[in-house]
Amino acid sequence: MARTVDLPSPDEQKSNAGPLFQWFKIYIHGMKTAFASRMAYRGDFFMSMFIMMVVELFGPLVTLLIYHNGASFPGWERHEVLLLQGVFLLSRGIAFPFFMGMVWNTISRVQEGTYDLLLIKPRSILQMSIITAFDSEDLGKLIGGILLFIYALKSVPSLPLVNWASFLLLFIFSLITMFAFGLFMSGLGIVWIGNYRIYDIFMSVMDFGLYPRSIFNKLFQTIITWVIPISLLGSFPASALLGKQITGVLGAMLCSIFFLLVGLWFFHRMVRNYTSAGG
Amino acid sequence: MIKVDKLSKTYTTYERGGTFRDALKSLVIRKKKMVEALKEVSFEIGEGELIGFLGPNGAGKSTTLKILTGILYPTSGEVEIMGYVPWKDRRKYVANIGAVFGQKSQLLFDIPPMDSFLLNQSIYNIPEQAFRKTMNEMVDMLDLENIVRKPTRQLSLGERMKCEFIMAMLHRPKVVFLDEPTIGLDVIAKGKIRDFIHEQNKKGTTFILTTHDLEDVEHLAKRVIVVNHGEIVFDNSMDHLRKYLGDKKSVHVTTRNPLPSLDQPGILIRKQLSNHDAELELDLSKLKLNEFIKELNEKSIINDMSIESLEIENIIKDLYGQEKPNDTPLILGKP
């Protein structure tokens, strides 16, 4: 029987906008929806954001204590370490609210069996995992990162433009590394059902990025540059901004790209192994 | 429209005992177990059909549904729906289907359903005019004018389920999968949802309904597929299903004098309520109805009597109860 309502079918519902524009349009909508959901409990929303910000600033507080007591990280002034930690928090502050939520989202949805609901949407499963996971309270991390970055920058003499350009490039790579981490953890969450410890392990490993690379021994420096490029999360971008000499940056960038590609492959491979929950 | 050919799905699970000792042991050694959820299932569904897809718990119906919706990959077999292979062309394919899961909500709990609808509009890229038209039509049909702007957590189960239907159908899908859509609903809400499904089916939407509520099936489905132990044990029309156990009637009789001995071919006493009152099952291939009534009236004088077709529940129980599909083919000819 013919339809009585004359509506375009999904196949006909093509937009003039490009796929990237479409991607952002849906992302912004998902973000607005997540804000609306979170703001249903206003008190909790503001409190959580404030707590997030304060917790993130514990690391820099330890740095202040170290320098206050006459100790230091070799080759790094106090304001330089604070700048590094500001960069690190900025990177986390962008990654966690905007895309790292996919990890928690994936782990919990797979456990509950509601990952199915993402798979029945006509978008890539990665996109769906991200747009349904915007975490507004993690914006506290971003605010903390911005505040610390500005505070540390005040003690730094004016920086040449080339330093800023190098910093921006390496900062993008820090986000790429974060995203790759997210892909691996989400992929593991699909097959390793209910294992929230993946997240804790990741957070612990990532904390090495809070300190200058030079304070670690050679072997560990190699690991955090070539194996798991944690140096890109704070140490390398901050060094580039301060005009410090850095070695192995190109290797870390290549490693980051490799990490991303393997992460994408791994995530999609794990989606194939998704078993859903019982009916 | 839907072609399923020799579809199989095998899961690997791990056996673990119920005791604490077993739990500890399972940390080190786990015994693998292969479960054949589907065994070469084949069927076809035409455009505009409304199919009841039934089976006991663990029979394989949810697995079938999940493969048909592109959620799971099968172990072997072929599926083609509207020209798509669900798990290969998932993104293009799911733009043409909808799904309502009675036990999994697509709505966002803390905000009104309207906001969830708008998010779906973005995801499905539905033009504004078409979106408003479809939504208003469905809101009107389901009496949800004052509901869609209330936070979802404040809605009753019935209101929420109606909103789930709108969420699943805003993009005008050609095929809709329903998994227990009326679970936990009251009679009025069930009726409203059944009317809605019926109405959409009349407009050409194909529905595949999985449920344990046989009233839903009786009200809606013209054809029924029953799966058990991962295999299809019945695939035919509702009329055929009613006659599956033969030409039988369910009889409730009350007599003035005590009932005579009913121990004879063609009569099964289901419940003897008293010496004057009994519920029987008559096999009309062995006993003629008029002769039974005549004989009973002569011996005990009938005070009251109701004669009905055999309840569908009994037939389904019989199909579910089979250990394994026997050698005799249970699948009757296509309707």
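The values are calculated or read from the model by the stated rules, or taken from the named source; none is laboratory data. Since we're looking at a predicted model, the values are computed, not measured. In this analysis, Cβ positions are derived from the backbone assuming ideal geometry, glycine residues included, and neighbour counts consider all displayed protein chains.
For the reader, a short list of remarks on this structure follows.
- Selection within segment A:239-279: residues that are among the charged types (D, E, K, R) and either within 14 Å of chain B (Cβ to nearest Cβ) or closer than 22 Å to A:Gly189 by Cα (or both). The member of this set that is farthest from the chain's Cα centre (by Cα) is A:Arg272.
- 3 or more residues within 14 Å of chain B (Cβ to nearest Cβ) and among the hydrophobic types (A, V, I, L, M, F, W, C): qualifying helices (runs of 4 or more DSSP H) within segment A:84-191: A:116-119, A:125-131
- B:Lys202 passes every criterion in (1) surrounded by 18 or more Cβ atoms within 10 Å (Cβ to Cβ); (2) free of Cβ contacts under 8 Å to residues at least 40 places away in the same chain apart from (1).
- Residue ID - farthest from the other protein chains (Cβ to nearest Cβ), chosen from residues in segment B:115-129 that are of a type outside the set (S, T, N, Q) and free of Cβ contacts under 8 Å to residues at least 40 places away in the same chain: B:Glu128
- There is at least one residue in segment B:99-119 that is among the basic types (Lys, Arg) and over 14 Å from B:Val227 (Cβ atoms).
- Residue list for segment B:105-114, restricted to those being facing another protein chain (nearest Cβ under 7 Å) and in contact (Cβ under 8 Å) with a residue 60 or more places away in the chain: B:Gln106
- When A:Met178, A:Met128 are checked against the criterion of being modelled with pLDDT of 90 or more and over 23 Å from A:Val205 (Cα atoms), A:Met128 stands alone in meeting it.
- Members of segment A:244-279 that are within 23 Å of A:Gln85 (Cβ to Cβ) and surrounded by 14 or more Cβ atoms within 10 Å (Cβ to Cβ): A:Lys244, A:Ile246, A:Gly248, A:Val249, A:Ala252, A:Met253, A:Cys255, A:Ser256, A:Phe259
- Considering residues of segment B:134-160 that are within 17 Å of B:Pro173 (Cα to Cα) and surrounded by fewer than 16 Cβ atoms within 10 Å (Cβ to Cβ) only, the residue nearest to the other protein chains (Cβ to nearest Cβ): B:Glu137
- Checking B:Gly266, B:Gly230 one by one, the residue that is small (Gly, Ala, Ser), in contact with a helix residue (DSSP H, G or I) (Cβ under 9 Å, 6 or more places away or on another chain) and assigned by TED's automatic domain parsing to the domain that holds B:Lys192 is B:Gly230 and no other.
- Elements of type strands (runs of 3 or more DSSP E) in segment B:171-289, at least 3 residues being among the hydroxyl-bearing types (Ser, Thr, Tyr) and at pLDDT 85 or above: B:248-255
- A single entry from A:Ser174, A:Ser136, A:Ser158 fulfils the requirement of being without any contact (Cβ under 8 Å) to a residue 60 or more places away in the chain and of a type in the set (Gly, Ala, Ser): A:Ser158.
- Of the residues in segment B:75-98, at least one is crowded, with 17+ Cβ neighbours inside 10 Å, facing chain A (nearest Cβ under 10 Å), outside any loop (DSSP other than H, G, I, E, B) and within 17 Å of the chain's Cα centre (by Cα).
- Complete set of residues in segment B:41-74 that are among the charged types (D, E, K, R), more than 10 Å from chain A (Cβ to nearest Cβ) and not in a strand (DSSP E or B): B:Glu49
- Checking A:Ala180 against (1) touching a residue at least 12 places away in the same chain (Cβ under 8 Å); (2) over 28 Å from B:Leu68 (Cα atoms); (3) surrounded by fewer than 19 Cβ atoms within 10 Å (Cβ to Cβ); (4) of a type in the set (Gly, Ala, Ser), the condition it does not meet: (3)
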